[in-house]
Amino acid sequence: MADEEIRPAGAADVQVVAEVVDAAFRPYIERIGQVPQPMTEDHAANVAAGKVFVTGDPVTGLVVVEAFDDHLFLDIVAVHPAAHGRGVGRRLLRFVDAHARRLGLPEIRLCTNALMWENQQIYPKYGYERVERRVDGPYDRVHYRKRLL
């Protein structure tokens, strides 16, 4: 599995992207009291814009990223629960690092819901530092960044 390709998602992947995101985030609905933002995304538009990268056959994980002038924004990391513990998330995060470097961007930024405490334990292990916590609309979010050397 370590050598599984991470590739840009195509139009044929839109349905499975929605399914993986749903499976990954549905367990958080009760905890945070609302539908997590990734579940409300327009997956077809993100795929069409070239923001989605997937891995697995069938797809087991994905990232949604957006490049800005001074950083790469990591909008979504989703791993299907059936693939947990197989290194899919780790490979996706390494891909995001490499993608940002290829684009010549000096840092990666992301945010996670404050009640998704698992993420707050994971991201620092991969070099992300907590920047701030703030409320964005209905979401209480913790913002992170990773400076690339």
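Conditions first: (1) touching an Asp or Glu at 6+ places or on another chain (Cβ under 8 Å); (2) free of Cβ contacts under 8 Å to residues at least 40 places away in the same chain. His71 passes all but one, so which condition is the exception?
(2)
Any residue at all in region 39-52 that's of a type outside the set (Gly, Ala, Ser) and closer than 18 Å to Ile122 by Cα?
Restricting attention to region 39-52, the residues satisfying the condition of being of a type outside the set (Gly, Ala, Ser) are 39-43, 46-47, 51-52.
In the following step, the residues that additionally are closer than 18 Å to Ile122 by Cα were identified as none.
Within region 39-52, not a single residue is of a type outside the set (Gly, Ala, Ser) and closer than 18 Å to Ile122 by Cα.
Which members of region 92-106 meet the condition of being under 18 Å from Lys51 (Cβ atoms) and touching a residue at least 24 places away in the same chain (Cβ under 8 Å)?
Scanning region 92-106 gives Leu92, Leu93, Phe95, Val96, Asp97, His99, Ala100, Arg101, Leu103, Leu105.
Give the residues of region 134-149 that are surrounded by 12 or more Cβ atoms within 10 Å (Cβ to Cβ) and without any contact (Cβ under 8 Å) to a residue 24 or more places away in the chain, sorted by residue number. Full working, then the answer.
Start the filter on region 134-149 by keeping residues that are surrounded by 12 or more Cβ atoms within 10 Å (Cβ to Cβ), which leaves 134, 139-146, 148.
Arg134, the sole residue that qualifies.
When region 106-119 is examined, which residues are found to be in contact with a strand residue (DSSP E or B) (Cβ under 6 Å, 6 or more places away or on another chain), hydrophobic (A, V, I, L, M, F, W, C) and open to solvent by 20 Å² or more (accessible area, probe 1.4 Å)?
Within region 106-119, Cys111 is the sole residue that qualifies.
Counting only residues that are over 19 Å from Phe53 (Cα atoms) and of a type outside the set (Val, Ile, Thr), how many does region 107-122 have?
The number of residues fulfilling the criteria is 9.
The values are calculated or read from the model by the stated rules, or taken from the named source; none is laboratory data. Computed from a predicted model, the values in this text were never measured in an experiment. So basically every Cβ, Gly included, is an ideal-geometry build from the backbone, and we count neighbours across all protein chains shown. What goes into the accessible areas is simple: the full protein's heavy atoms, side chains included, and nothing from ligands, DNA or RNA. Shrake-Rupley method; radii C 1.70, N 1.55, O 1.52, S 1.80 Å.
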